[in-house]
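The values are calculated or read from the model by the stated rules, or taken from the named source; none is laboratory data. Since the structure is predicted, the reported quantities are computational estimates derived from the model, not experimental observations. Every residue, glycine among them, receives a Cβ derived from its backbone with ideal geometry; neighbour counts consider all protein chains shown.
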Amino acid sequence: MKTLWHHCHVASMANGAYSIIEDAAIVTDGAHIVWIGPRAEVPDQGDINTVDLNGAWVTPGLIDCHTHTVFGGNRSGEFEQRLQGVSYADIAAAGGGIASTVRATRAASEEELFASAQRRLLQLLKDGVTTVEIKSGYGLDLASERKMLRVGRRLGEQLPVTVRNTCLAAHALPPEYKDRADDYIAHICSDMLPALAAENLVDAVDAFCEYLAFSTEQVEQVFITAGQLGLPVKLHAEQLSSLHGSSLAARYQALSADHLEFMTEEDAIAMAAAGTVAVLLPGAFYFLRETQLPPMDALRKHGVKIAIATDLNPGTSPGLSLRLMLNMACTLFRMTPEEALAGATTHAARALGMVDTHGSLEAGKVADFVAWNIERPADLAYWLGGDLEKRVVRHGVESTF
Ligand code: NIG
Ligand code: FE
């Protein structure tokens, strides 16, 4: 049965801009949009459900393209330490940081991980998110990475959200491989990735390329294996220092390179040529009180598409609102509200390899949208979080929370 959604304005985000349609209508058939345009031009649909959206502004469902939603414990104690002057790198070197979340995640049952991740994910969904990427990377052994990825799959089955699973086994060195990083990378490539891919738990492969994590040579081994398995790659790159991981990512046609505060103009040129999306994470920048800004001018000059995500994780960005990140992208990174919204819709879809079906409101695309009771689209980047009044439609069906 078709549905006509009317009495609304649309910011379709087609072509990465608001692409506003005033007094609009959307016709959905099952999970897809079959027509969208001015209300006065709707073709005759015969017998059809109609839904009055009461003058709402309709945008694509928000897409959070970089999260670590599944983890055990939390690290508010480290937050207190950092506020007393201990650095993120010092905490990591002393066995805290990612390693402490790995201990908590390994100790947690799949049920416990599911329950805590579901609570966090619901916060994102209540903020208008209809698609989310979730990374593993706090297990760092086959069984624990599998446990995390299974939770990701189950969240997608049980909640009204499309989940993309990313395997981030190359996030940190597990204690059992201390001083043997090359051996751990070999284990990821020969054992972990092939097994997890065979179980259909992996949609993309990520790594943490950083002086306190893995080198470009080690990341390259992971990328080669991902390619052999037919999986696209992404990379945490240039967050704390410049190793040119983003250029490496571009060489492997990565969907995205993420963080990027320390990237160079050459990296931006390489990413633009490869179509690799720059995923900026203002929550991590803010929470770590970083001062080095991502090179916005170089990204814009070379036409790199920019996405914005929460990076929801216990160590560097306990961010439960993607809209808050849109605000931070504007205030901290000087993006416009329009660029920020494109970063959480169409460019985020591209960063997940889903741009042909998601991220903008166009005939033929999936009917994932949010009808917001706001005055203009910029309101989405204006309010600092909060539960804005809205109706969320996913796959043509209104979600209830
Ligand atoms: O995206 N940069 C590496 N990974 C996470 C942080 C993980 C952690 O500290 O637990 C990030 O910021
Ligand atoms: Fe991250």
> Picking from Val205, Val222, which residue would you name as being outside the structural domain of Asp387 (by TED's automatic domain parsing), assigned to a strand (DSSP E or B) and at pLDDT 95 or above?
Replying inline: Val205
>> I want to confirm something. Restricting to the stretch 289-317 and keeping residues that are within 12 Å of ligand 2 (Cβ to nearest atom) and aliphatic (A, V, I, L, M), which single residue is farthest from Ile134 (Cα to Cα)?
In response: Ala309
> Applying the selection to the stretch 259-285, what residues are assigned to a helix (DSSP H, G or I) and either within 14 Å of ligand 2 (Cβ to nearest atom) or not assigned by TED's automatic domain parsing to the domain that holds Ser241 (or both)?
Replying inline: Pro282, Gly283, Ala284, Phe285
>> Between a residue in the stretch 102-128 that is farther than 18 Å from Leu149 by Cβ and any residue that is buried (at least 21 other Cβ atoms within 10 Å of the Cβ) and of a type in the set (Phe, Trp, Tyr), which pairs come within a Cβ distance under 8 Å, given they are 6 or more apart or on different chains?
In response: Gly128/Trp372
> Looking at the stretch 236-256, which of the residues that are away from ligand 1 (no atom under 12 Å from the Cβ) and not in a loop (DSSP other than H, G, I, E, B) is surrounded by the fewest Cβ atoms within 10 Å (Cβ to Cβ)?
Replying inline: Arg251
